[in-house]
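Working notes, beginning with the structure itself.
The values are calculated or read from the model by the stated rules, or taken from the named source; none is laboratory data. This one's a predicted model, so the numbers in the text were calculated from it and none came from an experiment. Cβ placement follows ideal geometry from the backbone for every residue including glycine, while neighbour counts extend to all protein chains displayed.
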Amino acid sequence: MKMAEVIKKRNLYVFFDMAYQGFASGDINRDAHAVRYFVEQGHNICLAQSFAKNMGLYGERVGAFTIVAQDEEEKERVMSQLKIIIRPMYSNPPVHGARIASKILSDKGLYQQWLKDVKQMADRIIGMRTQLKDLLAKEGSQRNWNHIVDQIGMFCFTGISPEQVC
């Protein structure tokens, strides 16, 4: 990946926000490829990972903040700063959603069901994109709406300019 090379060459730090893991391709491992690739290439990274959406735990604040550091010393420095930042925000983070997520991730049957559910949600998103493109064409739109089905995941760039929005 060219982006990883440029980031390494410029000595930049990477922050990944993975709020919809699995919703892009239907496969949580495939959607995590970029994160794994950057780590394999020797990048130190931050990863904010949420399970609120892909586990249906809205409002439960379920996720993880992961840091890949170059060594134990750097890890300790980062952890000390994170503790300073986090402590005033909350003393005891919520555990209800975390316990549910932990159960899903550690129970083989629940985990397999969750993977199927994530795939089903991704397939629905893909289907809705196709349906939207087809309905726009059916209504007589002369625009090329291929970008709707060429993109993946929860969000879509419309290609509409600010001037076209009334």
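Things to note:
- Ile100 at pLDDT below 95 and hydrophobic (A, V, I, L, M, F, W, C): no
- Matching residues in the stretch 4-32 - criterion: being assigned to a strand (DSSP E or B) and not aromatic (Phe, Trp, Tyr): Val14, Asp17, Met18
Here's the yes/no breakdown for (1) on the phi < 0 side of the Ramachandran plot; (2) touching a residue at least 40 places away in the same chain (Cβ under 8 Å); (3) surrounded by fewer than 12 Cβ atoms within 10 Å (Cβ to Cβ); (4) in a loop (DSSP other than H, G, I, E, B):
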residue	(1), (2), (3), (4)
Ile85	yes, no, yes, no
Asn92	yes, no, yes, yes
Lys116	yes, no, yes, no
Arg129	yes, no, no, no
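- Residue match in the stretch 62-80 (condition: touching a residue at least 60 places away in the same chain (Cβ under 8 Å), surrounded by 10 or more Cβ atoms within 10 Å (Cβ to Cβ) and touching a helix residue (DSSP H, G or I) at 6+ places or on another chain (Cβ under 7 Å)): no
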